[in-house]
1. What distance in nm separates the two pseudo spin-label positions at Ser303 and Phe96, each 7 Å out from Cα along the beta-carbon direction?
2. Using Cα-only point scatterers and the Debye equation, what is log10 of I(q)/I(0) for segment 249-329 at each q in 0.11, 0.18, 0.26 Å⁻¹, rounded to two decimals?
3. Which links in Lys160/Lys326; Lys174/Lys251; Lys186/Lys248; Lys74/Lys121; Lys141/Lys331; Lys285/Lys331 stretch past 22 Å when you go from one Cα to the other?
4. Roughly how large, in nm² to one decimal, is the mean projection of the convex hull of the alpha-carbon atoms in segment 176-296?
5. Taking the Cα centroid of segment 176-239 and of segment 260-310, what is the distance between the two, rounded to the nearest whole Å?
6. Hey, if you drop one equal point scatterer on each alpha-carbon of segment 223-272 and run the Debye formula without solvent, what base-10 log of I(q)/I(0) do you get at q = 0.14, 0.15, 0.22, 0.32 Å⁻¹?
7. Hey, fewest Cβ within 10 Å first, where do Ile283, Ile135 land in order?
8. Less than 12 Å Cβ to Cβ from Asn308, Lys/Arg counted +1 and Asp/Glu -1: what total charge do the surrounding residues give?
Amino acid sequence: MAGEGSEIIRKISRYGFIVIVLCFCCLINGCGEQTNPKLSDKKLRIGLMITPRGLNDQGFNDLAFSGIQSAERKYGIESVLIEPATMADPEASLRFFAAQKFDAIIAVGVAFLNDIRTIAKEHPDLNFFVIDASIDEGNIKGITFREDEGSFLCGYLGAKMSRTGKIGFVGGLKIEVIMRFLNGFKQGALFAASGSEVIEKFIADDFSGFNKPDLANTIATELYKDGCDVIYHAAGASGLGVIAAALKAKKFVIGVDMNQDSMAPGLVLTSMLKRVDFVVEDIVKTISENKNYQSVQRSYGISDGAINITDFQFTAQLIGDELIGKLNNLKKDIVSGKLHTSFPASSSSYPGN
């Protein structure tokens, strides 16, 4: 994509080549009489594996990195960032890092799940935590979010703010986690207005769909032209292209993962906050305090403080107190269990599980 749309993306996104410097702590154990017991104490060593070119996505990967940095400060662990150069051979990257004597590796997203299965068998004493996976196999534990809870609120808001009755959804790839976003969004829209039409589009049929902002921009632009006046994205870094399309079309959009409201003030109605930073830090906290890898929490939602929507900093007057109050009441109903935001879907049909 050339012209104005590309310029907007360049302004929003701050991609760059990431140089990862691995700082291996020199644990001086010494020998004989000079050994200092304090220096020989072993720090918990945690690896954080993100996706290629994952940093600066202003979303999922940035949140995870922020979480591990916070955990390092609070719990005195040693953290190492693991970022494969490409998606071509993540197994090689994993195999290298698995040999570096980690206590645990936290993987962001399910893109590497098959490779993790292979490496986990070779290193049965190494614990893997895979965010966005429901897996529970030996030394691999999945950590999931209840994205449908926050997405329900976004769908409700989108349907109420739509004048055409058509709202759009742009997903990076049709996998289980993205379907939770979509299903919750649909549920919320239909709860708000039974005649709502949700048009869904997916960027790619592989994990590259989460890093194609230009293509996402094209898809969102077409949705706006076809009558959608609100679009919700769940597409990682590709979502920056959706926000760029909203800026150009002067139509509404809903952000995801981080607070993206300021990227298009007044047009980003809200952002569905998915606190990956909170969860990464919570994983480290649990294993730091009791070394019990089995006790790590496996599911997070609104009631845990890990899912929410933003506070309408730029759109409060536009949305109005009545609708904001209704959203707050719906949130309470979700937490109490009075309101259900998901419906059954077979995970076996999605890749990456």
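Derivation of every value follows stated rules applied to the coordinates shown; laboratory data play no part. What you see is a predicted model; the values in this text were computed from it and never measured. Neighbour counts are summed over all protein chains in view; Cβ atoms, including those assigned to glycine, are modelled from backbone coordinates with ideal geometry.
1. With each label point 7 Å from Cα toward Cβ, the separation is 4.4 nm.
2. Debye intensities relative to I(0), on a log10 scale: -0.41, -0.78, -1.19.
3. Lys174/Lys251; Lys186/Lys248; Lys74/Lys121; Lys141/Lys331; Lys285/Lys331
4. Computing the convex hull of the Cα atoms and averaging its projections yields 9.2 nm².
5. Segment 176-239 and segment 260-310 have Cα centres separated by 22 Å.
6. The calculated log intensity ratios at q = 0.14, 0.15, 0.22, 0.32 Å⁻¹ are -0.26, -0.30, -0.66, -1.37.
7. Ordered from fewest to most neighbouring Cβ atoms within 10 Å, Ile283, Ile135 come out as Ile135, Ile283.
8. Net local charge, Asn308 excluded: -1.
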